[in-house]
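For reference, the structure is listed below as structure tokens.
The values are calculated or read from the model by the stated rules, or taken from the named source; none is laboratory data. Values in this document were obtained by computation on a predicted structure and should not be read as measured data. For neighbour counting, all protein chains shown are included, and Cβ atoms are generated from backbone atoms with ideal geometry for every residue, glycine included. All accessible areas refer to the heavy atoms of the entire protein, side chains included, with ligands and DNA or RNA removed. Shrake-Rupley method; radii C 1.70, N 1.55, O 1.52, S 1.80 Å.
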Amino acid sequence: MSSQVRAGLSRRSFLTGAVALSASGTVAMPRRSLAAAEFAFGAGQIRVFSDGHLTLPMGFVLPEQSAEEIAALLEPNGLATDVLTPDCNVTLMRSGDRLVLFDVGAGPNFQPTAGALAGALDDAGIDTADITDVVFTHGHPDHLWGVLDDFGDPLFPEATYRVPQAEWDYWLADETLSQTPDDRKNLVVGAQTRFETISDQVVMIRPGQEVLPGVEAVDTAGHTPGHMSYAIHDGSESLMIIGDAIPNSIISFQKPGWPYGPDQDQDMAIETRKRLLDRLATDGSRVIGNHFPHPAKGRVERATEGYRLVTG
Ligand SMILES: [Zn+2]
């Protein structure tokens with residue numbers, strides 16, 4: 001069996017689960033406050049919210065690696081070898097009169113362990129109508145689907161939605177749905193539904209653009225065709241919202257060259273990941289990774305093998 005077929009089968013079981021969940025209607029969400037990370041940044045403030053976590057079969061995550069290679073990397077780090085359960089994090093930036101979210105989590109219809117953002121914002125006393133801007137890294141479910149509430153209405157009615165142009169073009173292109181394997185079509189339909197619902201409030205982003213004051217769009221395509229990370233500068237401080245360009249704080253740091261199943265273009269994603277890790281280890285910027293262990297912030301350092309995330 002080719003690795004592509006194996007990955008497809010694993011992906012099928014992952015996505016079938018997602019479909020079953022959306023068909024089952026309301027899913028219980030953890031409502032306790034999951035917000036734990038708040039820090040001053042320049043003249044503003046950053047707070048990282050947990051959206052819960054995902055459950056991903058290891059055969060989907062690491063389709064090319066042997067069981068021995070996977071065990072050798074994950075067991076010493078205290079991680080299971082059959083399933084990966086990455087945290088999901090959403091960053092809120094308060095800057096001047098703006099309240100900016102970077103991605104919006106999975107919402108109620110993806111996986112039962114994710115979609116906690118709306119409850120966490122509520123617990124923190126933040127009215128979703130006060131969000132002025134939503135800046136997207138990419139159009140995957142765990143980053144985009146939370147833009148709609150339980151009733152399919154926009155959760156952030158007053159926001160300007162800032163979307164990478166290449167990401168928008170990819171998900172909404174006529175041929176994307178027909179060229180996507182059946183077991184992944186729900187990702188395309190899900191992205192199209194959400195992008196179309198918010199289309200009147202969308203502003204496009206291009207690589208290198210200053211999206212908002214002090215927020216620069218950094219092209220990190222590979223995970224998806226238009227994937228974008230965001231470098232935020234305020235005075236002498238810098239922070240990178242990575243998105244899924246460096247998806248895992250163990251695997252991607254120690255083995256950046258391993259193909260990662262969720263990446264759509266694996267060769268480009270590896271190249272992008274290596275370039276970004278090198279940049280971040282060199283410039284010492286703070287980082288927030290959407291799937292790093294909550295609260296997901298730290299700095300990148302070079303290690304004997306690859307890199308390591310120094311948290312804090
Ligand atoms: Zn993700």
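With respect to Leu187, is the statement that it is farther than 13 Å from Leu101 by Cα, within 16 Å of the ligand (Cβ to nearest atom), open to solvent by less than 40 Å² (accessible area, probe 1.4 Å) and in a helix (DSSP H, G or I) true? Criteria met by Leu187. Regarding His291, is this residue under 23 Å from Arg47 (Cβ atoms) and in contact with a Cys (Cβ under 8 Å, 6 or more places away or on another chain)? So His291 fits the description; yes. Here is the figure for the stretch 158-180: residues that are part of a loop (DSSP other than H, G, I, E, B) and open to solvent by 60 Å² or more (accessible area, probe 1.4 Å) total 1. Residues of the stretch 123-141 that are in a loop (DSSP other than H, G, I, E, B), within 19 Å of Phe49 (Cβ to Cβ) and within 16 Å of the ligand (Cβ to nearest atom): Phe136, Thr137, His138, His140. For beta carbons closer than 8 Å, sequence separation of 6+ or different chains, a first residue in the stretch 279-293 that is under 11 Å from Ser249 (Cβ atoms) and assigned to a helix (DSSP H, G or I) and a second that is more than 15 Å from the ligand (Cβ to nearest atom) and open to solvent by 10 Å² or more (accessible area, probe 1.4 Å), there are no qualifying pairs. Filter the stretch 112-145 down to the residues that are among the small types (Gly, Ala, Ser) and without any contact (Cβ under 8 Å) to a residue 12 or more places away in the chain and list them by number. Passing the criteria: only Gly125. Note on the stretch 244-266: residues that are free of Cβ contacts under 8 Å to residues at least 40 places away in the same chain and open to solvent by 60 Å² or more (accessible area, probe 1.4 Å) amount to 0. Within this structure, Ala217 passes the test of being away from the ligand (no atom under 16 Å from the Cβ), open to solvent by less than 50 Å² (accessible area, probe 1.4 Å) and touching a Pro at 6+ places or on another chain (Cβ under 9 Å). Would you confirm whether any residue within the stretch 235-242 is part of a helix (DSSP H, G or I) and within 16 Å of the ligand (Cβ to nearest atom)? The answer is no; no qualifying residue exists.
Counting only residues that are within 16 Å of the ligand (Cβ to nearest atom) and either under 30 Å from Ala118 (Cα atoms) or at pLDDT below 95 (or both), the stretch 40-80 holds 12 of them.
For the stretch 142-150, indicate whether the set of residues that are closer than 18 Å to Tyr230 by Cα and either out of contact with any Cys (no Cβ under 9 Å at 6 or more places or on another chain) or not in a helix (DSSP H, G or I) (or both) is non-empty. Checked against the condition, which is being closer than 18 Å to Tyr230 by Cα and either out of contact with any Cys (no Cβ under 9 Å at 6 or more places or on another chain) or not in a helix (DSSP H, G or I) (or both), the stretch 142-150 yields at least one hit. Within the stretch 142-151, the residues that satisfy the criterion of being farther than 24 Å from Asp265 by Cα and either more than 16 Å from the ligand (Cβ to nearest atom) or open to solvent by 10 Å² or more (accessible area, probe 1.4 Å) (or both) are Leu148, Asp149, Asp150, Phe151. Taken as a whole, the structure leaves Gly115 outside the set of residues that are on the phi > 0 side of the Ramachandran plot, modelled with pLDDT of 95 or more and either surrounded by fewer than 24 Cβ atoms within 10 Å (Cβ to Cβ) or more than 16 Å from the ligand (Cβ to nearest atom) (or both).
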